[in-house]
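Following: one structure in structure tokens, then a few remarks.
The values are calculated or read from the model by the stated rules, or taken from the named source; none is laboratory data. These numbers come from a predicted model, not from an experiment. Here the Cβ is made from the backbone with ideal geometry for all residues, glycine too, and neighbour counts use every protein chain on show. Note: areas computed on protein heavy atoms with side chains; ligands, DNA, RNA excluded. Shrake-Rupley method; radii C 1.70, N 1.55, O 1.52, S 1.80 Å.
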Amino acid sequence: MSVNSIGGGGGIDRVLALRAQILERNQALQRANATVAATPTAPTSAAPKNFAASLEDALNKVNAGQQRAGQVSEAYERGETVDIAKVMLARQEAAVGFEATLQVRNKLLSAYKDIMSMPV
């Protein structure tokens, strides 16, 4: 018995196709958000405060997603009536949020290193 025969023909293929669609949509949303973030909306004097608040808000959202994924996973493990698709979706959302946060951190660290290595 193969993995594809479980739950009807092509079940794994459908899940992988849905995952690919989710990742494509996430990349499109990230490109759209980057375009919106690139347009200046506030005066430069308020930028550090707004940047810090935005960064803190983003980190709080990622943390909330991680906690929600943990709660849903624990509920599923306890045997509560939680759909496995919801569990997997919550875990994927948390993973994507964490990966995005990690990439932002890497870019900020790279920019800091570039600035510190500039001659004065």
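Just to be sure before I move on: is ARG91 in contact with a helix residue (DSSP H, G or I) (Cβ under 9 Å, 6 or more places away or on another chain) and closer than 25 Å to ASN33 by Cβ in the structure I sent?
The answer is yes for ARG91.
Take PHE51 and tell me if it is aromatic (Phe, Trp, Tyr), in a helix (DSSP H, G or I) and at pLDDT below 85.
Criteria met by PHE51.
Return the residues of segment 76-120 that are of a type in the set (Lys, Arg) and either touching a strand residue (DSSP E or B) at 6+ places or on another chain (Cβ under 7 Å) or over 19 Å from ILE22 (Cβ atoms) (or both); say none if nothing qualifies.
Once the filter is applied, which keeps residues that are of a type in the set (Lys, Arg) and either touching a strand residue (DSSP E or B) at 6+ places or on another chain (Cβ under 7 Å) or over 19 Å from ILE22 (Cβ atoms) (or both), segment 76-120 yields ARG78, ARG105, LYS107, LYS113.
Quick check on my filter: what residues within segment 70-91 are closer than 22 Å to ARG14 by Cβ, surrounded by 12 or more Cβ atoms within 10 Å (Cβ to Cβ) and at pLDDT 90 or above?
Within segment 70-91, VAL72, TYR76, LYS86, VAL87, MET88, LEU89, ALA90, ARG91 qualify.
Any chance you could count how many residues in segment 13-48 are open to solvent by less than 70 Å² (accessible area, probe 1.4 Å) and modelled with pLDDT of 55 or more?
7
Of all residues in segment 92-120, how many are among the hydrophobic types (A, V, I, L, M, F, W, C), within 16 Å of the chain's Cα centre (by Cα) and open to solvent by 100 Å² or more (accessible area, probe 1.4 Å)?
Count: 1.
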